[in-house]
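For reference, the structure is listed below as structure tokens.
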Amino acid sequence: MKDKNDLMKLKDLRDKIDIIDEKIVDLLSKRAEVVTEIAKIKKDSNLPFHNPEREREIIERVTNLCKGNFPKDALKVIFREIISASLSLEEPLKVAYLGPEGTFTHLAAIRHFGSSAKYIPVERIKAIFDAVEAKKADYGLVPIENSNEGVVSYTLDVFVDCDLKIAAEVLLEVSHNLLSKDGDIKKIKRIYSHPQASAQCREWLERNVPNIPVLDAVSTAKAAEIASSDETSAAIASELAARLYDLKFIEKRIEDNKNNFTRFLAISRDYPKKTGKDKTSIMFSLKDKPGALFNVLAPFKKANINLTKIESRPSKRRAWEYIFFADMIGHIQDKKLQRVIEEVKDNCLYLKLLGSYPIGDKMER
């Protein structure tokens, strides 16, 4: 009798969920109608169709409203998709990324901009900058550093001659998987991977497949594409690549360090307004004299501004001349930060603001 009562109760609860789902769908339709009205006003008033500050306000507000058991991180993802789909009713955001489909850059772009954006895969990091500068894309997403392997030098180099701004940062947990057509490791004679991905899995590869050669591919997605057409080849790639290229898992999460994050930068033709939880990036070169770097860093210490990163790169213009890249907490609209930037300019040959943008939340894979 108890089993019958439990089944009846289960049916009643499922009926309640169906009613709630119907209400959610109805409310989403009503929201879309309001979005369409807003789109018309924006068009008639010649206002920009994308407002990232408004998006952040929405996500922060609904997250704070969530007092029940629903996970807040999941709520953020849901509303990111709602906003992305709503924006596509006006005009889909165009986002350039390092392709092909299925790269970690592609995955990070989807997590940040939502599934309804129009994604433009390109083959080189420089081409991402070019697409945004030429207004073929509203945003570009480029990798800048990995928590294990360090900085992506080429991305820093492109910023030297580019006038685009950093509009956001995306911190994505990177998890590598060994994939093949049928998931049978006994058939594998070679493994394809992007060099950075294979470096992050070096210990696992040496321990588990020491006699199988690891060959370089231009991206993890390209590695997956190769493996999809050859049952004797495997690829180190993402779960997204596994879905896109119809591959099976030989082994999941083969990265040596499980706390493995890659930081990406969203680039655009302008940077967003101050949010109160911001980061600013600059680049500068120094006069060749004793204490030059100290003279630049000291004002930040004196003003109690936290420098979270400093990196140097050869300028490629003159032998032994270097360009420094620095990240700091704060927005360029902060008076204190403005004063310090103006002060350190006197000790620099060159100083350029790369952007002020919201500090990124870590995104789980």
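The values are calculated or read from the model by the stated rules, or taken from the named source; none is laboratory data. This one's a predicted model, so the numbers in the text were calculated from it and none came from an experiment. Neighbour counts are summed over all protein chains in view; Cβ atoms, including those assigned to glycine, are modelled from backbone coordinates with ideal geometry.
For the reader, a short list of remarks on this structure follows.
- Candidates 91, 55, 101: the one that is modelled with pLDDT under 90 and more than 17 Å from the chain's Cα centre (by Cα) is 91.
- Strands (runs of 3 or more DSSP E) wholly inside the range 78-173 containing at least 3 residues that are farther than 30 Å from residue 326 by Cβ: 118-122
Quick grid of which residues meet (1) aliphatic (A, V, I, L, M); (2) in a helix (DSSP H, G or I):
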| residue | (1), (2) |
| --- | --- |
| 285 | no, no |
| 325 | no, no |
| 338 | no, yes |
| 349 | yes, no |
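- For the range 17-62, the set of residues classified as outside any helix (DSSP H, G or I) and either closer than 19 Å to residue 77 by Cα or of a type in the set (A, V, I, L, M, F, W, C) (or both) consists of 47, 49, 50, 51, listed by residue number.
For (1) of a type outside the set (Gly, Ala, Ser); (2) closer than 23 Å to residue 110 by Cβ; (3) touching a strand residue (DSSP E or B) at 6+ places or on another chain (Cβ under 6 Å), each residue gets a yes or a no:
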{"position": "48", "(1), (2), (3)": "yes, yes, no"}
{"position": "65", "(1), (2), (3)": "yes, no, no"}
{"position": "75", "(1), (2), (3)": "yes, yes, no"}
{"position": "86", "(1), (2), (3)": "no, yes, no"}
{"position": "90", "(1), (2), (3)": "yes, yes, no"}
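- Within the range 73-106, considering residues that are surrounded by 24 or more Cβ atoms within 10 Å (Cβ to Cβ) and among the small types (Gly, Ala, Ser), the one farthest from residue 137 (Cα to Cα): 102
- Scanning the range 229-252 for residues that are within 15 Å of residue 184 (Cβ to Cβ) and either touching a Cys at 6+ places or on another chain (Cβ under 7 Å) or of a type in the set (Lys, Arg) (or both) returns a single hit, 248.
- For the range 189-202, filtered to residues that are modelled with pLDDT of 95 or more and either surrounded by fewer than 23 Cβ atoms within 10 Å (Cβ to Cβ) or outside any strand (DSSP E or B) (or both), the residue that is nearest to the chain's Cα centre (by Cα) is 190.
- From the list 214, 152, 174, 160, the one residue that fits, being closer than 17 Å to residue 265 by Cα, in contact with a helix residue (DSSP H, G or I) (Cβ under 7 Å, 6 or more places away or on another chain) and β-branched (Val, Ile, Thr), is 174.
- Being hydrophobic (A, V, I, L, M, F, W, C) and within 30 Å of residue 224 (Cβ to Cβ) holds for only one residue in 7, 87, 75, 27, and it is 87.
- Set side by side, the residues 232, 280, 275 differ, and just one is in contact with a helix residue (DSSP H, G or I) (Cβ under 8 Å, 6 or more places away or on another chain), surrounded by fewer than 20 Cβ atoms within 10 Å (Cβ to Cβ) and closer than 30 Å to residue 139 by Cα, which is 275.
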